[in-house]
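No lab work stands behind these numbers, since they all come straight from the coordinates. Everything quoted here is computed from the prediction, not taken from an experiment. Here Cβ is always computed from backbone atoms with ideal geometry, including for glycine, and neighbour counts include all displayed protein chains.
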Amino acid sequence: MVTITGYEKRQGEQQEFFLLQLQGDIEIVYSQTTGQPYATVRKTLMSTTFNEATCQALIGKQLPGNITKVSTEPYEYTIPETGEVKTLDYRYQYAPEETQTVEEAVFA
């Protein structure tokens, strides 16, 4: 399950729009530096057609699915807390839980 934890307002070329902040389940990963385990969650943003009131009302709701790691072209990312610049070649994206087969969706 994925939880809606907040939202962000953005200004596009034509109009403003809103992104939902999504957070996945807790997972245990191992530090590349120390090899020690630590708990973390995957987070991502998802665009919407909702207004601000709807986004506010959705905070705390859960969606079926998970947040997956997707390969991308390399890009630079600055860690806000430290100012360190890293090169990443992935991003996280929401993957809905499939509840219908393709055939069921097409012929519904």
*Being surrounded by 10 or more Cβ atoms within 10 Å (Cβ to Cβ) and on the phi > 0 side of the Ramachandran plot, is that true of even one residue in the range 62-69?*
yes
*Looking at the range 1-26, which of the residues that are surrounded by 17 or more Cβ atoms within 10 Å (Cβ to Cβ) and touching a Leu at 6+ places or on another chain (Cβ under 6 Å) is nearest to T49 (Cα to Cα)?*
L19
*In the range 7-46, how many residues are under 15 Å from A95 (Cβ atoms) and among the hydroxyl-bearing types (S, T, Y)?*
1
*Collect the residues in the range 46-61 that are surrounded by 10 or more Cβ atoms within 10 Å (Cβ to Cβ), out of contact with any helix residue (DSSP H, G or I) (no Cβ under 8 Å at 6 or more places or on another chain), within 26 Å of D25 (Cβ to Cβ) and not β-branched (V, I, T), keeping them in residue-number order.*
M46, S47, C55, Q56, A57, L58, K61
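From the list E97, E8, E16, E52, pick out the single residue that is touching a Gly at 6+ places or on another chain (Cβ under 9 Å) and of a type in the set (D, E, K, R). Before the answer, list the steps.
On the way: E8 fails: touching a Gly at 6+ places or on another chain (Cβ under 9 Å); E16 fails: touching a Gly at 6+ places or on another chain (Cβ under 9 Å); E52 fails: touching a Gly at 6+ places or on another chain (Cβ under 9 Å).
Going through E97, E8, E16, E52 in turn, just one is touching a Gly at 6+ places or on another chain (Cβ under 9 Å) and of a type in the set (D, E, K, R): E97.
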*Restricting attention to the range 1-19, report how many residues are small (G, A, S) and touching a residue at least 12 places away in the same chain (Cβ under 8 Å).*
1
